[in-house]
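The values are calculated or read from the model by the stated rules, or taken from the named source; none is laboratory data. Fair warning: this is a prediction, and the values are worked out from it, not measured in the lab. Note that each Cβ is placed from the backbone with ideal geometry, even for glycine, and that neighbours are counted across all protein chains shown. These area figures cover heavy atoms from the full protein model, side chains too; ligands, DNA and RNA do not enter into them. Shrake-Rupley method; radii C 1.70, N 1.55, O 1.52, S 1.80 Å.
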Amino acid sequence: MATRTENAVIDATLFWAALVTPNDMSGKFQVDLGQLTPEAAATIKGWGIPIKEDAGDGDKKPNKGTFVTAKSNYPIKVVFKAGISEVDPSVIGNETMAKVKINPYDWKFKTKTGTSLGVSKLQVTMLNEYVRKEDDDSDFEGTGDVNDDAPFDLDDFED
């Protein structure tokens, strides 16, 4: 496959950014680039990369609108526009706005081939910092003990 040299800088709203730690599912650094302008979407489609739509569902899932996932094998360089508070890139939250340098790359895996979107750098233009809620139990370390106040008897599950 020939090396591609195209690139573009687009405005995008960031979602689910894994900029300094690889994403658990893909093993790559990645970010969803959402609420794309028609011009940005046309550029990406012109490279043969499909655009997705996601209207979200209120509080549980944000409205990404027209979006695409951009990936990198390396941590994504983050800079901040003058006047924007600089933070650790790991706390860049959903709906942060940025200018993003993107490029297409061709790939081959076994018998499949395709084109995906790469990202090398982004400039935060409006920061929405991720703040963990106190009632967020994602780090909950349970005891593994059965709750004695369970509304059922575990003997009911015997054969």
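Here is how the numbers come out for the structure above:
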| quantity | calculated |
| --- | --- |
| Table column - 3J(HN,Hα) (Hz), the stretch 17-25, Karplus curve with 6.51, -1.76, 1.60, x for Gly and Pro | 6, 10, 8, 10, 10, x, 5, 4, 7 |
| Share of carbon and sulfur in the accessible heavy-atom surface of the stretch 27-126 [1.4 Å probe, %] | 50 |
| Size of charge dipole - the stretch 1-123 - debye, nearest 20, with Cβ of Lys, Arg +1 and Asp, Glu -1, no other charges | 520 |
| Relative contact order of the stretch 24-108, pairs being alpha-carbon contacts under 8 Å that are 6 or more residues apart, as % | 31 |
| Residues of type lysines that residue 108 reaches as a straight line, Cα spacing below 20 Å, ignoring anything fewer than 8 places off in the same chain | 28, 45, 71 |
| The stretch 1-67, accessible area per residue, ligands and nucleic acids excluded (1.4 Å, Å²) | 60 |
